[in-house]
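A short write-up of the structure that comes next.
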Amino acid sequence: MTGRPGPLPLRVDLEGLDPYGAPQLDVPVRLNVNENPYAPSRAVVDDIAAAVRQAAGGLNRYPDRDFPALREALADYLAVESHVRLDSSLIWAANGSNEVMVQILQAFGGPGRTVVSFAPTYSMYHEYARDTNTRWVQGERGDGFVLDLDEVAHTLEAERPSVLLLASPNNPTGTALGAEDVRRVLDLAATSGPEVHGVSGATLVVIDEAYGEFRREGVPSALEQLANHPHLVVSRTMSKAFGMAGLRVGYLAAAREIVDAIMLVRLPYHLSAITQAAALAALRHREELMAQVASLRGDRDALAVWLRGHGWQVADSDANFILFGTFPDREAVFRGLLERGVLIRVVGPEGWLRVSVGTPAEIEAFTAALKEVTA
Ligand SMILES: Cc1ncc(COP(=O)(O)O)c(C=O)c1O
C-alpha cells in the first residue's frame, strides 16, 4: 500500500445516521413491535422442522427463483382470509413486506421520482425512499388520524408521485381505510403520476395491509379492488397475524404488469429454499394460526375499553396494537413501565404511546404497571 486510505466514500445522505430499529430488550413482557404473542404450536414446529430438513438435502442447488408453490399457497390463503381468489401469478413474495416495498420503489421510484405518504405512519417508509433515492413527501392525516381525502387530492396534484404508500390499518394509529376511501384514492391516483411517454401516468397506490387480518367486522380488504385497478398494490405479511415474524416472509398482490416489473429488480434467488419450505409448512396450518386472530381482536377491544375507562384517549384500532395517551411526559411513562418489566413503544405524535396486544397475562401485567406508573 502506498499511502493511508482516505475516508470511506459513504453516501453523503447517510452520514451521521443511526440504523432504524426498536430496542430488542430481554424483558418479561414485550409489547413493542406488534408481534403475535403466541409461539407456534408443537404441530406447526414439527411440520416446519420436517420441511426444512427435506429442503436441507437440496441446498447445493439454488432455490426456485419464482417460488410457484409458495405463491399458490399464499393465493389460497388470501382466498380464505379475504374471499378474493387471485391467480398465483399476481402474488409476489420477499423477505418481509419491508423488502417487498423496497422492491416496489426500486422498480417505480428512484431518482427524479417521488413517493408520498401521510403522517403519522410507519417510519420505515421514509427509509425505503431514502435507500432507493426516491424523493420523499409526507402530508398529514386529519382529525382522529383519518386520511383526509382533500389533502390526498391536493398532494397528488402538487407532487405527481409515482408511488403513494398508505398503511391500512395504519401503524402506529391502527386506523383502517374504508372501501369508499380506497376507491376515491384510486380514482384520484389514476392519472396523478409522472409523465410516461408523453401522457400523465398513474400513481401506484400501495395499500400496506401488514395488519389486515385484525380489521374489524365490516372493514373490507383492498384486495377486493384489485380486479378493476391495475395501479393498486396490496401488501401483506406473515409477520403479524400469522405469527411468523422470525420467518421473514411478506408478499403482495397486484396486476401482472407490476409483478413483472418487480422481477426486473429483485435479486436472483432472494427467497431461500429454507424460507420457502418453512413458509409452505406454516401455511398448511393456517386454520390454527388464524384462530388466534379472533381472540387477539377481542383482547384488543377489551384493552381499548379498559384504557378509555381509566381516562385515556384511544385511537380506534383495526390492528393488534393500540395508540393511547396523552401523557405530558411519555418518556417517563415508558421508563416506568420498563422498570416493571413491560416494554412498549414511544412512537406517534407527542404525548402518545403504542402498546401491542399480548396474551391475557401480558395485558394484565401492562395494565397493572400502567396504573402504578400513572397513579
Ligand atoms: C405498517 C407496517 N408495514 C410493514 C411492516 C414490515 O413488516 P415485515 O417486514 O415483517 O413484513 C411493518 C412492521 O412492523 C409495519 O408496521
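The values are calculated or read from the model by the stated rules, or taken from the named source; none is laboratory data. Note that this is a predicted model, so its numbers are computed, not measured. A quick note on method: Cβ atoms are made from the backbone with ideal geometry, for glycine too, and the neighbour counts reach across all protein chains shown. Protein only, heavy atoms only, side chains kept; ligands, DNA and RNA dropped before computing areas. Shrake-Rupley method; radii C 1.70, N 1.55, O 1.52, S 1.80 Å.
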**Asked** Does anything in region 352-370 have its amide N under 15 Å from the 7 Å Cα→Cβ label point of ALA332, and if so which residues?
**Response** 352
**Prompt:** Of all DSSP beta bridges located in region 45-285, what percent are antiparallel, nearest 5?
**Reply:** 40 percent
**Fill in**
Checked against the positive end of the charge dipole of the chain (+1 on Cβ of Lys and Arg, -1 on Cβ of Asp and Glu, about the Cα centre), the farthest of ASN170, HIS83, TYR125 is TYR125
**Prompt:** Can you give the charge dipole size of region 45-285 about its Cα centre, rounded to the nearest 20 debye, using +1 on the beta carbon of Lys and Arg and -1 on the beta carbon of Asp and Glu?
**Reply:** 740 debye
**Request:** Stick to Cα atoms and the Kirkwood definition of Rh, then tell me Rg/Rh for region 287-343.
**Result:** 1.06
**Asked** Taking the Cα atoms of region 221-348, what is the range of coordinates along each of the three principal axes, in descending order and whole Å?
**Response** 50, 35, 30
**Request:** Would you mind pulling out the separation of the Cα centroids of region 322-375 and region 279-304, in Å?
**Result:** 23 Å
**Item:** CD proxy at 222 nm, helix term only [per DSSP H run n ≥ 4: -39500 (n - 2.57); per residue of the chain; nearest 500]
**Value:** -12000 deg cm²/dmol
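In whole percent, how big is the carbon plus sulfur part of the accessible area of the chain, probe 1.4 Å, protein atoms only?
The computed percentage sits at 52.
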**Complete:** Relative to the compact-globule estimate 2.2 N^0.38 Å (N residues), the Cα gyration radius of region 234-299 stands at a ratio of 1.31
**Asked** How would GLU350, GLU331 line up by accessible area, probe 1.4 Å, largest first?
**Response** GLU350, GLU331
**Prompt:** In whole Å, what is the distance between the alpha-carbon centres of region 42-95 and region 97-155?
**Reply:** 29 Å
**Request:** Order the following by accessible area, largest value first: TYR77, TYR20, TYR38. Probe radius 1.4 Å; ligands, DNA and RNA are ignored.
**Result:** TYR20, TYR38, TYR77
**Prompt:** Taking the highest mean first, how do the peptides 315-322, 287-294 order by number of other beta carbon atoms within 10 angstrom per residue?
**Reply:** 315-322, 287-294
**Complete:** The correct ranking of ARG216, ARG308, ARG30 by accessible area at 1.4 Å, largest first, is ARG30, ARG308, ARG216
**Item:** 9 Å beta-carbon shell around THR114, net charge (K/R +1, D/E -1)
**Value:** +2
**Prompt:** Considering only protein heavy atoms, what is the solvent-accessible area of HIS154 at a probe of 1.4 Å, reported in Å² to the nearest 10?
**Reply:** 120 Å²
**Asked** With Cβ to Cβ distances under 12 Å as the rule, what net charge do the other residues near ILE344 carry (K, R +1; D, E -1)?
**Response** +4
**Message:** Counting heavy atoms of the protein chains only and a 1.4 Å probe, report the per residue accessible area for the chain as a whole number of Å².
**Reply:** 46 Å²
**Item:** Per principal axis, descending, Cα span of region 88-187 in whole Å
**Value:** 33, 31, 25
**Message:** So if the hydrodynamic radius of region 45-285 is defined as the Kirkwood radius over C-alpha pairs, what does Stokes-Einstein give as its diffusion coefficient at 25 °C and 0.890 mPa s, in µm² per second?
**Reply:** 134 µm²/s
**Request:** At 30 Å minimum axial length over the Cα atoms and a Kyte-Doolittle cut of -0.5, report the qualifying DSSP H helices in the chain, or say none.
**Result:** 286-309
**Prompt:** If you take the beta carbon distance between GLU157 and ALA179 as r and set R0 to 25 Å, what does 1/(1 + (r/R0)^6) give as a FRET efficiency, to the nearest 0.05?
**Reply:** 0.60
